[in-house]
Amino acid sequence: MNRNFRFLTYILLFSSIFYACKSSEKVSQGSNNSKNIELPNGETPSTNFPSKGLPSTPVTLPPLSYSMPEMPREFRGVWIATVANIDWPISGADSWEKKKADFIKLLDYYKGLNFNAVIVQVRAAGDAFYPSNYSPWSKYLTGKQGQAPQSPENPLTWMIKEAHDRGLEFHAWLNPYRATMDLKTEELSPNHDFNQHRDWMLKYGSKWYYDPGLPEVKNHLLAIIKEVVANYDIDAIHFDDYFYPYKEPRLDFPDKASYNKYKKSGQSIDDWRRQNVNDLIFALNNTIKATKPWVQFGISPFGVWRNQDKDPKGSPTQAGQTNYDDLYADVLLWMKNGWVDYMLPQLYWSMDHPLASYIKLADWWSNNSYNTNVYIGNGPYKVRADSDKAWENPNEITQQINYTRTLPNIEGNAFFSAKSLFLKNQDVAKIVNDQVYDTPTLPPFFQPKSTSIIENPVVLSVETNSKWTKIQMENPLDPAIRYAMVQGADQLNNLSTAEIHTVWVGGTRARGLEVSSLNTNYLAIRWIDHFGRIVQTQVFQTPKKSKP
């Protein structure tokens, strides 16, 4: 009789354990880097977590009254050039899987150097790295212009997600006026604008350009930008220094017909050209902000606005060409009028270059920022590859970064281009990482043009095992929350320096987050909105458990 009773007891106990395991809470499946998002509508495939080591019931966590120190702010960007396959893809003929692997290597490398933004070229010359209603597929992506990539996913959507999964901002870099890279027009897709709108094209030197003076061209470019902003979770639209082309010796840009048709009475051709670019920048800013107010608009102009001998407000330089006089880009006007969110001048000279000193130009840009975020573009591609002997010094780049940090209105740097510190000059990259980029930072934030109210996140529970830590929210996250930065430590005073786990949510209304296992006494979460502002910082004492 006693034996039968014991047997029945074992059966009941086994059953209760079995059903408890079956009822364990479900969350979304993980990616390789263990950063997942649980969606409230159940669209993401889900699975049961193993019951081993899980708390039997969720633990509600009231936040502690502990204040985390402010995260430092500094823009640390790198240009990933796709034109002529400078940085990526290595070849348009590569398989999609190889292209993906190569892109991930770049992201992981710069994430490891504590960078926080990538500036990826998605339109090089009238083409696109994404499916477009206005531009053919780029030959630099697929090997042949107009040929779709052999990939199951949208390349741009994939690139953005991979950058965001690593906590990197994604700035979509487009070239507005360059239509071709050479005169081999027979290689262009039938859908390229050269074949669709020949009347928009002007031949100058060894390339074809869109005519900036045509209203149809401006409207076309606005549609292209709106397509990207509306359809992709980008953080910024980025233009480089190519507006009107750099001047060719003894060759005039052939836009007299449009000048004669559209000029105002008494307007010189130089002023008319500047007005064309000004009109585009003004309209682009309005288009971007009307579509997604949090998407930044940044421009990376040539490093010299005007030489001082042309204008007393100019820099003490002797540049052969300048933004205002040769490229017809009145970049100071754009900053004064608030048409751009950041300016990133390209100062690809050494500290004491006799014609264009990095020091003097950095000073000039700091003194002429007009309340616009200004970062400096640096040229590590010149290290050991330039006639200026200053670039033989592997510390040139760190000296430049350290100098710009002394200036009140310079808020970071970006580097051209990705391969210059990845495929070569890795000793320079190590010096940068050891001496100036030794800890992670956040990029600068931006204030919205109008007041925005964001619902503060409320953490309901934390569950953890040896592989993952899951954070459950009381309500779905406000769509204005862009990502969370999660840190864990056993001592409160170690939280701020602990490894950062980034979870990008980007308007998904996520109700749960997952990171690699923290299994620590304390947990800190910084919630960051679309504008880069820290909405809330929360610190919790967690149910730490020893796991087998």
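In Å and on Cα atoms, what radius of gyration and Dmax does segment 413-548 show?
17.6, 52
From Cα pairs below 8 angstrom and at least 6 apart in sequence, can you work out the relative contact order of the chain, rounded to a whole percent?
Over the chain, the number comes to 17 percent.
Where a Cα-Cα gap under 23 Å defines reach, which lysines qualify for Lys360, not counting those fewer than 8 residues away within the same chain?
Lys310, Lys313, Lys336, Lys382, Lys389
If the convex hull of the alpha-carbon atoms of segment 79-182 is projected onto planes in all directions, what is the mean projected area in square nanometres?
Answer in nm², one decimal: 6.2.
Starting from the Cα of Asp434, step 7 Å along the direction of its Cβ; do the same at Asp102; then give the gap between the two resulting points in nm.
About 3.1 nm separates the two model spin labels.
Cα to Cα, under 17 Å, and not fewer than 8 places away if on the same chain: which lysines meet these conditions relative to Lys247?
Output for Lys247: Lys203, Lys207, Lys256.
Ordered by packing density, taken as the mean number of other Cβ atoms within 10 Å over each peptide's residues, highest first, how do 121-133, 92-104 rank?
Averaged packing, sorted descending, gives the order 121-133, 92-104.
Expressed in nm to one decimal, what extension gain is obtained for the pair Met71 and Asp182 from 0.36 nm per residue of sequence separation less their Cα-Cα distance?
Length gained, Met71 through Asp182: 35.3 nm.
Please state the charge dipole magnitude for segment 384-441, taken about the Cα centre, from unit charges on C-beta atoms (+1 on K and R, -1 on D and E), reported in debye and rounded to the nearest 20.
140
Helix 358-367 sits at what angle to the longest principal axis of the chain, using alpha carbons and giving 0 to 90 degrees rounded to 10?
80
How long are the semi-axes of the equivalent ellipsoid of the chain, taking √(5λ) for every eigenvalue λ of the Cα gyration tensor, in whole Å from largest down?
Largest first, the chain gives 49, 27, 22 Å.
Any idea which of Gln487, Tyr324, Leu107 is furthest toward the positive side of the dipole for the chain, if Lys and Arg beta-carbons carry +1 and Asp and Glu beta-carbons -1?
Checking the options against the dipole of the chain, the answer is Gln487.
One quarter of the convex hull surface, Cα atoms only: what value does that give for segment 226-382 in nm²?
11.1
On a 0 to 90° scale, report how tilted helix 426-435 is relative to the longest principal axis of the chain, with both axes built from alpha carbons and the result rounded to the nearest 10.
Its long axis makes an angle of about 70 degrees.
Helix-only mean residue ellipticity at 222 nm, the chain, DSSP H runs n ≥ 4 weighted -39,500 (n - 2.57), per residue, nearest 500. What is it?
Theoretical 222 nm ellipticity from helices: -8000 deg cm²/dmol.
Provide the gained length on full extension for the span Lys203 to Asn493, in nm with one decimal, where the gain is 0.36 nm per separating residue minus the Cα-Cα distance.
Separation in residues times 0.36 nm, less the Cα-Cα distance, equals 98.1 nm.
Please name which of Ile224, Tyr242, Tyr210 has its Cα lying farthest along the dipole of segment 198-243 towards the positive end, using unit charges on Cβ (Lys, Arg +1; Asp, Glu -1) and the Cα centre as origin.
Projecting each Cα onto the dipole axis, the largest value belongs to Tyr210.
What angle do you read, to the nearest 10 degrees and between 0 and 90, between the alpha-carbon axis of helix 96-112 and the longest principal axis of the chain?
90
Please compare each pair in Lys111/Lys226; Lys98/Lys467; Lys105/Lys424 to a cut-off of 20 Å on the Cα-Cα distance and tell me which ones are over it.
Lys111/Lys226; Lys98/Lys467
Tell me, what is the per residue accessible area of the chain in Å², probe radius 1.4 Å?
Here the residues of the chain average 44 Å² of exposed surface.
The values are calculated or read from the model by the stated rules, or taken from the named source; none is laboratory data. Since this is a predicted model, take the numbers as computed values, not measurements. Every residue, glycine among them, receives a Cβ derived from its backbone with ideal geometry; neighbour counts consider all protein chains shown. Calculation scope for accessible area: heavy atoms of the full protein, side chains included, ligands and nucleic acids excluded. Shrake-Rupley method; radii C 1.70, N 1.55, O 1.52, S 1.80 Å.
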